[in-house]
Amino acid sequence: MDWVAKIINGAADEFAHAKLVKYGIGTHPGPRVRLTVSRSRITFKADLDLEKVFLRTYASTAPEGLHKVSGQVITYTDRTEEFKALPVPLYFSRSKGKGAPVFKAKVKELVQLSDLKALLDLDGATTFFLLSVSPSDGTKPWKVATKTSFPKRGAPDSGGEEKKKDPTFTKGALANTPEVMQLLLSELLPDMRDSVTEKTKKVAIDHEIVIEDIEVPNDPSLSFSEKRRLAKKRGRLVRRITVDGDERVLEQEFFC
């Protein structure tokens, strides 16, 4: 279960906490998703912080055989020894400088689907899989394309009426099968499953993250960065969900 689904289900944990660290008091735009459903495929576009939903769905439902995997794995803790046990060779380099250490490993391999699953199963709250995957034989429509670097933080929303561009951090297509749809609904729409039917064509999900209070650890031995990382956030996840033009707004409180 991904971090958004965990908040919706009232089960926010360290994965949700890690996604909220970057937000201060106030209202912030959260990750967006766009789904287009046809008879044979589901195409998608999503922002950073939702890429794992589509990578895991791909790994769970794509055809068996060899798959092209490229991109990089980024983690903010040293997990080199854990990843060494995987059949996918990863060689991590550590960032230099005084800031928090960052460990990065580039990937460009042909792997079995089971090996891709094993890689994604070695998840962590501060681990990012910035990967693009597709069947080596070109089987359609299976494809997930993810950017290999984090987007730069843009200027605050001006509030103008100009239509926002669709998300582009992760995009691609999956076959429209009951298994794929079930996995996507479980992760993206656990609170509105019944709104998506066989006739559904387009789904848009926009999030706002509202931070109302921050509880900072009262421990003088902790550094500022450690207090920031451990501070708990209290607030609301606001979801604006549009299914074939019919919009609903849902809210879920969190503390993590």
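Does Lys117 satisfy being at pLDDT 95 or above and either touching a Lys or Arg at 6+ places or on another chain (Cβ under 8 Å) or over 20 Å from Glu14 (Cβ atoms) (or both)? Even if it seems obvious, please write down each step before you answer.
On the way: at pLDDT 95 or above: yes; either touching a Lys or Arg at 6+ places or on another chain (Cβ under 8 Å) or over 20 Å from Glu14 (Cβ atoms) (or both): yes.
Yes.
Hey, among the residues in segment 114-139 that are of a type outside the set (Val, Ile, Thr), farther than 19 Å from Glu81 by Cβ and touching a Ser or Thr at 6+ places or on another chain (Cβ under 9 Å), which one's surrounded by the most Cβ atoms within 10 Å (Cβ to Cβ)? Reasoning before the result, please.
Residues of segment 114-139 that are of a type outside the set (Val, Ile, Thr), as a first pass: 114-125, 128-132, 134-138.
Restricting the remaining residues to those that are farther than 19 Å from Glu81 by Cβ gives 114, 116-117, 130-132, 134-138.
From the residues that got through so far, the ones that are touching a Ser or Thr at 6+ places or on another chain (Cβ under 9 Å) too are 117, 130-132.
Details: Lys117: 15, Leu130: 21, Leu131: 23, Ser132: 20.
In this case the residue turns out to be Leu131.
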Pairs, first without any contact (Cβ under 8 Å) to a residue 12 or more places away in the chain and within 15 Å of Val33 (Cβ to Cβ) in segment 193-216, second surrounded by 15 or more Cβ atoms within 10 Å (Cβ to Cβ) and among the hydroxyl-bearing types (Ser, Thr, Tyr), C-beta under 6 Å, six or more apart = none
Are any of the residues in segment 233-243 farther than 28 Å from Ile74 by Cα, of a type in the set (S, T, N, Q) and either modelled with pLDDT under 95 or touching a Cys at 6+ places or on another chain (Cβ under 6 Å) (or both)?
-> no
How do the pairs read when you match residues in segment 98-124 that are over 17 Å from Thr139 (Cβ atoms) with residues anywhere that are aromatic (Phe, Trp, Tyr) and buried (at least 18 other Cβ atoms within 10 Å of the Cβ), using Cβ under 6 Å and keeping only pairs 6 or more apart or on different chains?
-> Phe103/Phe92; Ala105/Phe92
Counting only strands (runs of 3 or more DSSP E) wholly inside segment 182-255, the ones holding at least 1 residues that are among the acidic types (Asp, Glu) and within 30 Å of Arg41 (Cβ to Cβ) are 202-215, 246-255
Only one of (1) in a loop (DSSP other than H, G, I, E, B); (2) over 20 Å from Leu184 (Cα atoms); (3) in contact with a strand residue (DSSP E or B) (Cβ under 9 Å, 6 or more places away or on another chain) fails for Ala100. Which number is that?
-> (3)
Only one of Ala145, Ala105 is more than 17 Å from Arg32 (Cα to Cα), hydrophobic (A, V, I, L, M, F, W, C) and crowded, with 16+ Cβ neighbours inside 10 Å; which?
-> Ala105
Flag if Leu183 is under 18 Å from Glu51 (Cβ atoms), touching a Lys or Arg at 6+ places or on another chain (Cβ under 8 Å) and not β-branched (Val, Ile, Thr) | yes
Of Val73, Val4, Val69, Val88, which residue is surrounded by 16 or more Cβ atoms within 10 Å (Cβ to Cβ), assigned to a loop (DSSP other than H, G, I, E, B) and of a type in the set (Val, Ile, Thr)?
-> Val88
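Hey, among Arg41, Arg94, Arg32, which residue is more than 27 Å from Gly138 (Cα to Cα), touching a Pro at 6+ places or on another chain (Cβ under 7 Å) and at pLDDT 95 or above?
Arg32
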Expected single match for loosely packed, with under 14 Cβ neighbours inside 10 Å and either under 21 Å from the mean Cα position of the chain (by Cα) or more than 30 Å from Phe224 (Cβ to Cβ) (or both) among Leu110, Leu55 is Leu110
Residue selected from segment 241-256 under the condition within 18 Å of Tyr23 (Cβ to Cβ) and without any contact (Cβ under 8 Å) to a residue 40 or more places away in the chain, by the criterion surrounded by the fewest Cβ atoms within 10 Å (Cβ to Cβ) = Glu251
Restricted to segment 61-78, and to residues that are touching a strand residue (DSSP E or B) at 6+ places or on another chain (Cβ under 7 Å) and closer than 14 Å to Ala105 by Cβ, which residue is modelled with the lowest pLDDT?
-> Asp78
Run Ala62 past the list (1) more than 20 Å from Val133 (Cβ to Cβ); (2) among the hydrophobic types (A, V, I, L, M, F, W, C); (3) more than 17 Å from the chain's Cα centre (by Cα) and report the number of the one that doesn't hold.
-> (1)
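The values are calculated or read from the model by the stated rules, or taken from the named source; none is laboratory data. Source: prediction; values computed, not measured. When we count neighbours, we look across all protein chains shown, and the Cβ atoms used for this are built from the backbone with ideal geometry, even at glycine.
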